[in-house]
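Working notes, structure below.
Only the coordinates and a few stated rules stand behind these numbers; no lab work does. Quick caveat: nothing in here was measured; it's all calculated off a predicted structure. Cβ sites come from the backbone with ideal geometry, for glycine too, and all protein chains shown count toward neighbours.
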Amino acid sequence: MAFKTKIALTTLSICLSTTAWAQQLRLSQGLTMNGGRVATEENIVAARASTLVEVYDMAIDKNLQYLINDQNYRAVFTRIEQAKSKLRPTAYAEARAGYSTMGQTAHSYLSASASLNANWAIYNKELNLGVSISEMEVQLAERQLGLARQELMGLVAKSYLNLVAKEDLVKLSQERVHNLRKVLGSAKNLVSIGVQTNDILGPAQLDLQQAQIKLMEATQSRDSAQTRFESDFGVSFKAYLSARGAVIPSISQKSVSDWLNEAEQNSVRIQIQQLTAEIAKVQIKKQDAIGKSRIDLQARLGVDRNPSLPFAGDLSGQNRLQRGNSIFIVWTKPIWDGRFRSAATDEAVHRQVSAELQTDYARKQVRDDIMAALDNYRLAVNTIGVQRQVVGTSQGIIKSIENGAIAGEVNYDRLLQEVNRLYDNKFDLSQTNIKALEAYIQLKLAAGTLDANDLSLISLSLKPTAPNVSAD
C-alpha cells in the first residue's frame, strides 16, 4: 500500500517540477516539433532583446497623442522661417486709379499710378528678438515631442508587462488545473485499490472545479487585456513571456541625490518649464523693443498720371504720365500705441513668473516620482527574495507529504491545500517581479533617461514560454 501511494505522489511531484525543465531542454536543443524548428536559446535571446522595442516602434507610428505632438513640432518649426522672412527684403506691386477735383473750376481729372515697391528692415530689434523666440519655441516643441516619446515608452512597457502578468496567471492556472487533475487521479487510484475511501475525492474534485473557473477567468482577463493593448497601440502582440524567473535590472548604488541630479540634467518636464520661462523673458525684451526706433530701406519704381494746376490757361501739361521712382531710408519711432505694449509686457511678466513656479513644481513632481519609484523598487526587490524562499518552502512541504506517503501516511486535504498555496505563491512572485520592473521603468522615466536600451533590458529580463496549451 505504501509503495502504491508513493508511486501516485511521485507522479505528482514529477509533474510539478519537470514542466519548466522540459521546456528549457527543448529550447536549448532546438528540437523539431510539428514540422517546425523550435528556436534555440541563443535565437530566443536575440528575439527577446528587440520584442518590446519592436512593439514600441510600431506603436509610435499609430499613437494619436504622439502624432499630435509630432505635427505640432513640425508646425512650430516653420515659425523660424516666418520670423526670418520679416528681416529679408520684401516686394509688392501696386496700382491705383481714380478722379481728383482741382482748381476753381472744379474740373475732375483722372489720377492713376502703377509701381513696384520694395522694403527692407535694416535695423529692427523687435524682429530680431522674434527670430530668437521662434527658435526657442522650436526647442520647446522638440522637448514636448521628446516627453511624448518617453511617456509612450513608459505606457507601452507597462501595458506590455501587464500582458505578461496576465499570461503568467493563465499559465499558472493551467498548471494548477493539470496538477490538481493529477492529484484527483492518484486519489482515485488509491480508492480503487482500497487504500482510501471515497471521502477524499470530494475535496479534490471541488478544488479542481474551482481551479478550472479561475483558469477561465484568467483567460478572459488576458484576452481582454490583449484586445485593449491592440486598441491602444494598434499593434497585434502575443506575450509568450513569463516574469516568474525575471532578472531585475540593477539600479547600481546611486543615492537619492545622484538620481535627483541626473533628473535635473535630463528631465524633459523640467526642461520644458525652464524653456517656457526663458521664452517669457525674451517676450518682455521684445515688447520693450517695440517702442524703440527702427530703420527701413524703401524703394519705388513706377509711373504716375496726376492732375496739375494749369498755367496761363495752358492745359496741355495736365494728366501726363510721369516717372515716379524713389528710394528712402525711413526712421520710425512709435509715440503712442494705445497702451498695447504696456499690457503685452505685463502679460509676458506674469507668464515668466508662472513658468518659474511651474519649473519648481516640476522639480517637486520629479523628486516625488523618483522617491516613490526607489521605494517601490527596493520593496519589490527585497520581497522577491522572501517570496522565492516561500515558494521553496511550499515545494518542500509537498515533498515532505510525499515522503510521508512512503511510510503509508498521506493527508489529501493538506496536499490539496499546499498545491493551491504553491501556485498562489508562484503568482505572487510573478506579480512582485512585474512591480520591480515597473518601478525600474518609472525611475528611469522620472529621471528623464528612459530609452530603447531600457526597453531591450526589460525584454531580456523576461523568460520565454511556449504558446498556451489547453489544460483540458
*Separation of the SER132 and ARG339 label points, Cα + 7 Å toward Cβ, nm*: 2.9
*In nm, give the distance between the simple-model label positions of ALA372 and LEU67, each being 7 Å from the Cα along the Cα-to-Cβ direction.*
3.0
*Please find the FRET efficiency linking LYS84 to ALA114, where r is the Cβ-Cβ separation and R0 is fixed at 25 Å, and quote it to the nearest 0.05.*
0.25
*At a Förster distance of 25 Å, what's the computed FRET efficiency of ASP232 paired with ASP424, Cβ-Cβ distance as r, to 0.05?*
0.25
*Gain in length, ARG320 to GLU347, computed as 0.36 nm per residue apart minus the alpha-carbon separation, to one decimal in nm?*
4.3 nm
*According to a simple spin-label model (label point 7 Å from Cα along Cα-to-Cβ), what is the distance in nm between ALA97 and PHE77?*
4.7
*Pairwise centroid distance, computed over Cα atoms, of the range 334-395 with the range 165-206, Å*: 51
*Hey, with R₀ at 25 Å, roughly what FRET efficiency would LEU201 and GLN389 work out to, going by the Cβ-Cβ distance, to 0.05?*
0.15
